[in-house]
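Asks: First, the structure itself, so that you have it in front of you.
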Amino acid sequence: MMGVMGAEDTATTTSTTARPTEPGGGPANGTRAWTTRLFVVGILLAAVNLRPAITSLGALLEEVRDGLGMSGSVAGLLTSVPPLCFAVFGVMAPRLARRFGPPAVVCAGMVAITAGLLIRPYVGGTAGFLAGSALALMGIAVSNVLMPVLVKRWFPDRVGSMTGLYSMALAAGTSIAAAVTVPVTDALGGGWQSGLGVWAGLAAVAVLPWLPLVRDRGPAPAPVAEARARADRQPPALRITRSRTAWALAVFFGLQATAAYITMGWMAQIFRDAGVPAGTAGLLLAVTMVMGVPLAFVIPRVATRLPQQGPIVIALGVCGLAGYAGLWAAPAGGAWAWALLLGVSNCAFPLALTMVGMRTRTGAGVVQLSAFAQSVGYLISIPGPLLVGVLYQHSGGWGLPIALMAGLMIPQMAVGVLAGRDRTVEDEAATAG
């Protein structure tokens with residue numbers, strides 16, 4: 001998921017006018033302040049672990065294909081598993097959160113990531129590898145959906161800042177996995193199993209801060225309690241499918257996810273097929289991913305200051321089109337430039353997360369919009385990586401797959417402009433009703 005500020009955030013949240021001294025609320029006792037800090041640590045560590053399962057595989061995709069005897073089409077299916085799992089399991093997150101509480105669900109998600117990453121390289125065969133990947137991705141899916149919920153609940157006056165930090169941590173984990181998986185694999189003896197399995201250790205660390213929070217049912221800090229009370233006074237049933245903005249945001253989320261998962265799954269292979277060494281190809285993928293670290297903090301801050309986010313959508317789309325054009329014309333000659341441009345374009349993800357908070361007025365609204373946009377969006381993104389694999393295998397080159405990527409950028413820009421309009425899904429759903 002994916003799944004981001006000071007005074008300017010008040011337009012997008014249900015915060016009070018008072019400025020708290022703690023990140024999650026006003027002056028609090030020691031226990032509450034400690035809990036709030038633990039939430040910050042937990043959110044950041046969880047975010048770091050939401051993409052290494054995918055980008056570590058992208059860096060070693062050729063070795064995994066050879067080791068498991070996969071065709072290009074099957075490898076395309078493998079790169080489509082992440083959005084499929086995000087769509088299927090992400091829709092379960094709100095119900096699980098209502099029953100067990102968001103912290104407990106995120107904690108279970110981190111355990112699932114750890115277990116999936118640990119077993120998938122060693123179970124043997126393509127089916128076992130897919131099953132282990134699905135377990136890890138199930139944990140990622142529920143955490144993707146609940147991160148915006150936790151941010152809005154615990155940091156209602158700092159949605160932009162916290163979403164930015166969360167997105168930066170996510171981008172850091174993504175880029176680190178892309179950059180170091182090949183060197184780590186070489187250091188561990190050259191076996192791709194070890195190179196993939198090592199990331200289970202990082203996921204295990206992310207379980208720790210959530211353990212004390214599993215049973216956290218105490219009163220929230222004052223501003224959060226007030227925000228939650230306001231949400232409780234809202235009508236419980238929001239018919240989100242009646243909101244055009246919700247649909248636009250879901251499609252925007254799906255198209256940017258399509259681009260992201262094609263990039264994470266296939267870009268290193270594009271460079272390798274152009275003659276770039278495997279280690280350098282991994283670094284190029286890491287450059288693309290690491291662009292999200294600074295921009296994931298900057299873009300949400302800018303977005304919350306604008307009444308409409310369409311100009312940011314257009315700027316990111318133009319960078320993507322330029323990157324694809326370069327990747328088609330001279331993949332090796334301008335590799336670093338194309339990696340940078342596509343890295344900027346991939347920052348549509350933190351923008352989409354920011355718009356989830358900006359297009360809602362209530363805590364209940366953000367839960368529903370986050371689940372709806374991510375679940376529908378990931379369903380939309382499923383065919384993209386698979387189709388790239390099929391086109392690659394049957395055309396024998398990257399011309400058609402890159403043309404597909406560039407072609408999808410046009411509708412992404414169009415629906416992003418619609419999703420960026422200054423309105424809320426609650427108002428649209430009420431008007432439509």
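Asks: Restricting to DSSP loop positions (anything but H, G, I, E, B) with no more than 14 other Cβ atoms inside 10 Å of their own Cβ, which chymotrypsin sites (Phe, Trp or Tyr not before Pro) remain in region 345-433?
Replies: none
Asks: With a 1.4 Å probe and every protein chain left in place, work out the accessible area per residue of region 243-365 in Å², rounded to a whole number. Show your work: numbers first, answer last.
Replies: On the way: 3720 Å² over 123 residues.
Computed with neighbouring chains in place, this is 30 Å² per residue.
Asks: Per Stokes-Einstein, at 10 °C and 1.306 mPa s, what whole-number D in µm² s⁻¹ belongs to region 338-433, with the Kirkwood radius over Cα pairs as the hydrodynamic radius?
Replies: Taking Rh from Cα pairs, D becomes 102 µm²/s.
Asks: Something else about it: Order of 311-323, 343-355 by packing, highest average Cβ count within 10 Å first?
Replies: The peptides rank, most packed first, as 343-355, 311-323.
Asks: Find, among the chymotrypsin sites (Phe, Trp or Tyr not before Pro) in region 74-124, those assigned to loop by DSSP (not H, G, I, E, B) with at most 16 other beta-carbon atoms within 10 angstrom.
Replies: Numbers: sites: Phe86, Phe89, Phe100, Tyr122; in loops: Tyr122.
Answer by residue number: Tyr122.
Asks: Measuring from the lowest to the highest alpha carbon on each principal axis, how far does region 107-172 reach, largest first, in angstroms?
Replies: That gives 48, 21, 13 Å along the principal axes, largest extent first.
Asks: Then there is this: Please calculate how many Å² of accessible area region 74-212 carries per residue, with a 1.4 Å probe and no DNA, RNA or ligand atoms counted.
Replies: Accessible surface, normalised per residue, equals 32 Å².
Asks: Going by Cα centres, region 99-115 and region 371-393 are how many Å apart?
Replies: 25
Asks: When the gyration tensor of region 97-217 is built from Cα positions, what are the square roots of 5 times its three eigenvalues, in whole Å, from largest to smallest?
Replies: Values for region 97-217, descending: 29, 17, 11 Å.
Asks: With runs of 4+ DSSP H residues as the only contributors, calculate the mean residue ellipticity of the chain at 222 nm using -39,500 (n - 2.57) per run, divided by the residue total and rounded to the nearest 500.
Replies: -24500 deg cm²/dmol
Asks: Any chance you could look up the accessible area of Thr280 with a 1.4 Å probe, heavy atoms only, rounded to 10 Å²?
Replies: Its accessible surface works out to 50 Å², give or take rounding.
Asks: For region 80-206, give the percent of accessible area contributed by carbon and sulfur heavy atoms, probe 1.4 Å, rounded to a whole number.
Replies: Carbon plus sulfur share of accessible area: 73 percent.
Asks: Using the Kirkwood radius over C-alpha pairs as Rh, can you work out the diffusion coefficient of the chain via Stokes-Einstein at 25 °C, viscosity 0.890 mPa s, in µm² per second?
Replies: Once the numbers are plugged in, D ends up at 115 µm²/s.
The values are calculated or read from the model by the stated rules, or taken from the named source; none is laboratory data. Predicted, not measured: the structure shown is a model, and the values here were computed from it. Using ideal geometry, Cβ is built from the backbone for each residue, glycine included, and neighbour counts are taken over all protein chains shown. Calculation scope for accessible area: heavy atoms of the full protein, side chains included, ligands and nucleic acids excluded. Shrake-Rupley method; radii C 1.70, N 1.55, O 1.52, S 1.80 Å.
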